2 protein chains.
Amino acid sequence: MKECNVTFLPHDRKITVAEGESLIRAALQAGVHINASCGGEGVCGKCRVHVEQGLVQDGKSERIKQEELDSGVRLACRAKVTGDVVVRVPVESSVDKSVMNLQATPRRTARIQQMDFENLKEEGLFIPPVEKIYLRLPPPDAQNNMPDVTRLVEYLKLEADEHKLELTLPVMRKLPSVMREENFTLTLTMVRPVRKNGKNIILNVQPGDRSGSNYAIAMDIGTTTIYGQLIDLTTGQCLAEAGDFNGQISYGEDVITRIIYAEKAGGLEKLQEVVVATINSVIEKIIRKSSIDREDISTITFSGNTTMTQLFLAIDPRNIRRAPYVPTATLYPPFRAAEIGVSINEHAIALLYPQVSSFVGGDIVAGIMGSGMYRDEELTLFLDIGTNAELVVGNKDWLACTACSAGPAFEGGGIEFGMRAAKGAIEDFSIDPITYEPMIFTIGDVRPKGICGSGLITMAAVMFEMGVINNRGKFNREHGTPRIRKTNGIWEYVVVWKDATQINRDIVLTEPDLDNLIRAKGAIYSGCMTLLEEVGLAMDMVERIILAGGFGSYIDLEKAMTIGLLPEIDPEKVTFIGNGSLMGARMSSLTNRIRRDVVSVTQRMTNFELSETPSYMDNYIAAMFLPHTEIEKFPRLKMRMEARKN
Amino acid sequence: MKECNVTFLPHDRKITVAEGESLIRAALQAGVHINASCGGEGVCGKCRVHVEQGLVQDGKSERIKQEELDSGVRLACRAKVTGDVVVRVPVESSVDKSVMNLQATPRRTARIQQMDFENLKEEGLFIPPVEKIYLRLPPPDAQNNMPDVTRLVEYLKLEADEHKLELTLPVMRKLPSVMREENFTLTLTMVRPVRKNGKNIILNVQPGDRSGSNYAIAMDIGTTTIYGQLIDLTTGQCLAEAGDFNGQISYGEDVITRIIYAEKAGGLEKLQEVVVATINSVIEKIIRKSSIDREDISTITFSGNTTMTQLFLAIDPRNIRRAPYVPTATLYPPFRAAEIGVSINEHAIALLYPQVSSFVGGDIVAGIMGSGMYRDEELTLFLDIGTNAELVVGNKDWLACTACSAGPAFEGGGIEFGMRAAKGAIEDFSIDPITYEPMIFTIGDVRPKGICGSGLITMAAVMFEMGVINNRGKFNREHGTPRIRKTNGIWEYVVVWKDATQINRDIVLTEPDLDNLIRAKGAIYSGCMTLLEEVGLAMDMVERIILAGGFGSYIDLEKAMTIGLLPEIDPEKVTFIGNGSLMGARMSSLTNRIRRDVVSVTQRMTNFELSETPSYMDNYIAAMFLPHTEIEKFPRLKMRMEARKN
């Protein structure tokens, strides 16, 4: 891709962007503020700039007179960079240079950490838990008429040194005809033992040589969404993927509501049936997208939180929500997926990630295993942020975990104009520190509908750093801007005037919104802090952060540190693994090592119930400020704040 | 019971019988022949005797004149012994004393060998494979909120030193509520491992203390009949039993016909369904007879021949009937009985006896295990005689087995007036060596309908020893009796004239009948001989015989040796275990030792296919005589025969 240098005057800020980037996004990256409210549709007409050197594509508008166009005036939100260009931001839509230098830090999201499959191969750990073996048995005759099973078992003992085998009735039923279909050549599908000396379970037998066709489905059973991937176990590649909303949503949005539903007569069975139906629809989609024979799917790996796992297995989850919060089990035995209604084929084995506690479930364990955190030296903080946040700290020697209720703020819940990260959500934001005029960016560059979690974090961070709000999330009531106003007794800031929205209402950010955000980030930060304290460590010892969950990919890291959601570390040390649960599920289909390691990992993952930890409340109260009562914990921010004061 | 001495004149033969015995049965036991044809109904009036001292009850008849009655004449078949008595057998219905001394040996059936439960207890082996354990767990609290399963597992590790546990999903589903029903006191139902270091499988959990209620069902799946027993696993006692015809009979009487049926579309499924239906009806009968809670049945042990076992498990048996006669498996894994439609409860575990080969199945292995033969020093011959005869020889160090097709003669098949051992079947027989007049006994002492297997053996033996037939089973055609006649070119002996029968037809024994009998006994004897030769031993080295199967209980041992069905050994050394399959099934519910031992027993049970053993045909031809071409193999008979000649 062609790179273009963009220079913004009068500040002389330079940035290199890819060809085709809009001028306004280039400005955001350069830390240059341009007033803009309409999300890039060219409706508000506020983001006028003057192209002084070079050319841009588009950016014309009825709102710009012909002579202005001729002199190089364009709308920054519509103008696309096509080469090196020098752009002047007019005085009415910027601030003077000295102020500009104090603009918020450029947007910076976490580096994406891919599943480390190549590493796995190099280490010789690409050993799927279920393998296929091609065998050529000697056919029986009058002198050697041992039973079919004995023939197979004896051969494996002699030729493959496999001594412990477990055969089930369904395999025995197939064996006589399969053996004779291609003259006693056949392919075994065999689950390797977790440990040496363990049993090999023969899952399936197929006539002839099918050892080249061995597939797995990896599946994340989320409270909201269920994702699946089809994995080729001979190459490690993902062949297809699909997702669907968890059908249980109709019975409650969150796990607690679903547990309550499960307690009703027939409720548990209904929820199990419904989640299996979603799982089956995802499987159908995946199989339709590929051209494989479903008979060749040998493995299905699952990960889900504790409640999702118990509901999937039809195990009554009622004690999860009642003190002292006892789940039924950590480890679940492997079982035939068909046994509980999953439709792949009769033999495919289901391997489930174990749980740690009622609130730290298999989805988190999957993230820990899939990210490889449990094998690394560095002291790592693993964070999966959603309505509930799960936190894990530790390294290859020890692990501690906890969960806290962050509330739905990061998913748009409890926020006046909150919404999920979808088209029209304000995802990025800047503010003119003099005029308090905003620059907004929406997902899909369309007119705004609301504010998503990452937008909210950025807004709060920028406003705090620019002095628009104080460290308790209260607006500067002295400023004369009409954007800060009191409606029905509540102070709010108008982010977008209604004419520039999709919803024909002023999109505002209110003090209660900020309060909810502070509670949410405070819960997470104090959770981390309490967890570290419990193991005798301090927050600044964290060497690395792994973010998991859909939300994590959009977070502007420096902004998240500014509001005190994350501890302040080098953004380079923050990685994003996306759906860690799915990554873990996929990883566990590719290496049997995970089945062995996961038992000890869950055993050494010390779980802390925050409600049982007295210091949590103190830490929480200390975290109810931006970024925290102790600004010393955020030295980079402190430096920027002091520079701004001067 | 009062014992009475009976003396028969003129032979001065004495016998002691129980009060109430009929005079004619007393005569049979004393070796005294009295003509009698009607089975004891007093119809033929032939069995007149003269009571000279003492009194008898009944025995009067319209056929006896008043003055005869007054002088002590009675019908021997109706007269019952009530005290010491002296009886004269009239000249017209007996032979002279010198001949009488050469009468056949008294009837002698095998000593019944009970299941050796007391011995098992003494040896400390009364350790059922499934045990129940009562546990009192510490309830969870905020400091100790480990998952329910972990709580259980940790407790078992600490308190019971049980380290390897296997839990299934259904148990996990029950656990949360069961634990909480009686304040964390509960009873585990646990399958012990076969070997040390093996896994304990937790089958079920119940609230509170149920450790005193642990039951098993032992079940013999016979081709014709299915028998079940309910066993109290805390005392070892049998609480109830029941049986029913195997519903598969409608689809074929013998295993081969059923295999052919199973090869048809849907046939296998049908036969499985039908046998499970019979099993379920037997279970219902047993449970109705007892007052136990079916939830407390933990174990169901099964034994059956190879075809019955494969049909029960819905494993295609087609290769059993085709050379080289390959069954699917020897060992079958334990499984939940409910899995294949057996209705007891959801958790009861099914333990099946392993097979040795297509024709030596789990019923025989059960007999070997149940009788304890595999643990004894003596060289033992185990014989299960039916349409197919299974033969096992060996001792605690080695075992060899084979099966041969005896044909249905012993069950009344292929015999002109053959019938099963039921009411009206001639089961015992004697003949007057001068007049060739018979004395017959029927099951139930009613008028005869036909001849059962044991009756047939006795007839052939007595006739051979009395010279009525020669060693090829041909009648003495020189005798003037009208009972030996030629009908439609076939020589026959009239056992009962039609007037004395229930069927209004002369009941005859034909030369083809004798031929079939000789083939049947020849097949079995030559099977034993070939088997012994294959392991380098001779028939006279057999120290003990164990008879199994319904038929064995009625066999007159000395007669069976006379015709060469059994090798000639001391009858004291022959025991009868009845339904060895059921005995073995019951035994295996009581001691886990059998599960351990049976694997090595089946491994060391060398199987010989007679069709693949060239010497079998030679042995068979040599055995096609009464008793055998080599009379030297039967020294007691030889002595009697020589005495008779003199």
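Worth pointing out:
- Across the stretch B:305-317, the number of residues qualifying as out of contact with any Ser or Thr (no Cβ under 8 Å at 6 or more places or on another chain) and facing chain A (nearest Cβ under 7 Å) comes to 2.
- Leading residue by the ranking (farthest from the chain's Cα centre (by Cα)) among those in the stretch A:283-294 that are open to solvent by less than 60 Å² (accessible area, probe 1.4 Å) and farther than 20 Å from A:GLN248 by Cα: A:ILE292
- Residue within the stretch B:190-202 that is in contact (Cβ under 8 Å) with a residue 60 or more places away in the chain, open to solvent by less than 70 Å² (accessible area, probe 1.4 Å), within 41 Å of the chain's Cα centre (by Cα) and under 22 Å from A:PRO327 (Cα atoms) present: yes
- Odd one out for A:ALA323, checked against (1) modelled with pLDDT under 95; (2) more than 14 Å from chain B (Cβ to nearest Cβ): (2)
- Pairs, first on the phi > 0 side of the Ramachandran plot in the stretch B:408-420, second not in a loop (DSSP other than H, G, I, E, B), C-beta under 7 Å, six or more apart: B:GLY412/B:GLY418; B:GLY412/B:GLY450; B:GLY412/B:GLY453; B:GLY414/B:PRO408; B:GLY414/B:ASN516
- Of all residues making up the stretch A:243-275, the number that are open to solvent by less than 10 Å² (accessible area, probe 1.4 Å) and among the aliphatic types (A, V, I, L, M): 4
- Those residues of the stretch A:492-511 which are outside any loop (DSSP other than H, G, I, E, B) and open to solvent by 60 Å² or more (accessible area, probe 1.4 Å), in sequence order: A:LYS498, A:ASP499
- Qualifying strands (runs of 3 or more DSSP E) (wholly inside the stretch B:343-427; at least 1 residues being aromatic (Phe, Trp, Tyr) and in contact with a strand residue (DSSP E or B) (Cβ under 6 Å, 6 or more places away or on another chain)): B:380-384
- Set side by side, the residues A:LEU152, A:LEU137, A:LEU125 differ, and just one is under 35 Å from the mean Cα position of the chain (by Cα), within 30 Å of A:LYS199 (Cβ to Cβ), at pLDDT 90 or above and among the hydrophobic types (A, V, I, L, M, F, W, C), which is A:LEU125.
- Figure legend. Inter-residue proximity from the stretch A:355-377: first residues away from every other protein chain (no Cβ under 12 Å), second residues of a type in the set (D, E, K, R) and surrounded by fewer than 24 Cβ atoms within 10 Å (Cβ to Cβ), beta-carbon distance below 6 Å, spacing 6+ or different chains. Indicated pairs: A:GLY372/A:ASP116; A:ARG375/A:LYS396; A:ASP376/A:LYS396.
- Strands (runs of 3 or more DSSP E) fully within the stretch B:1-99 that include at least 1 residues being surrounded by fewer than 18 Cβ atoms within 10 Å (Cβ to Cβ): B:3-9, B:13-18, B:48-53, B:85-88.
- Those residues of the stretch A:358-381 which are within 25 Å of B:VAL149 (Cβ to Cβ), open to solvent by less than 10 Å² (accessible area, probe 1.4 Å) and not aliphatic (A, V, I, L, M), in sequence order: A:SER358, A:GLY361, A:GLY362, A:GLY367, A:GLY370
- The stretch A:338-350 - residue that is within 12 Å of chain B (Cβ to nearest Cβ) and free of Cβ contacts under 8 Å to residues at least 60 places away in the same chain and, of those, most open to solvent (accessible area, probe 1.4 Å): A:GLU339
- Among the conditions (1) modelled with pLDDT under 90; (2) open to solvent by less than 30 Å² (accessible area, probe 1.4 Å); (3) of a type in the set (Asp, Glu), B:GLU411 misses just one, which is (2).
- Test: A:ASP220 is open to solvent by less than 20 Å² (accessible area, probe 1.4 Å) and closer than 22 Å to A:GLU390 by Cα: yes
- In the stretch B:556-576, the residues that are under 20 Å from B:GLN114 (Cβ atoms) and open to solvent by less than 10 Å² (accessible area, probe 1.4 Å): B:LEU557, B:VAL574, B:THR575
- Of all residues making up the stretch B:326-337, the number that are open to solvent by 20 Å² or more (accessible area, probe 1.4 Å) and either within 7 Å of chain A (Cβ to nearest Cβ) or in a helix (DSSP H, G or I) (or both): 2
- Residue list for the stretch B:132-173, restricted to those being more than 7 Å from chain A (Cβ to nearest Cβ) and crowded, with 20+ Cβ neighbours inside 10 Å: B:LYS132, B:ARG151, B:LEU152, B:VAL153, B:LEU156, B:VAL171
- Pick from the stretch A:174-185, criterion within 14 Å of chain B (Cβ to nearest Cβ) and of a type outside the set (S, T, N, Q), ranking: nearest to A:HIS347 (Cα to Cα): A:LYS174
- Identity of the residue in the stretch B:528-539, open to solvent by 10 Å² or more (accessible area, probe 1.4 Å) and out of contact with any Pro (no Cβ under 7 Å at 6 or more places or on another chain), that ends up modelled with the lowest pLDDT: B:ALA538
The values are calculated or read from the model by the stated rules, or taken from the named source; none is laboratory data. Worth saying up front: this structure is predicted, and the values here are computed from it rather than measured. Using ideal geometry, Cβ is built from the backbone for each residue, glycine included, and neighbour counts are taken over all protein chains shown. Keep in mind that these areas ignore ligands, DNA and RNA; they rest on the heavy atoms of the full protein, side chains included. Shrake-Rupley method; radii C 1.70, N 1.55, O 1.52, S 1.80 Å.
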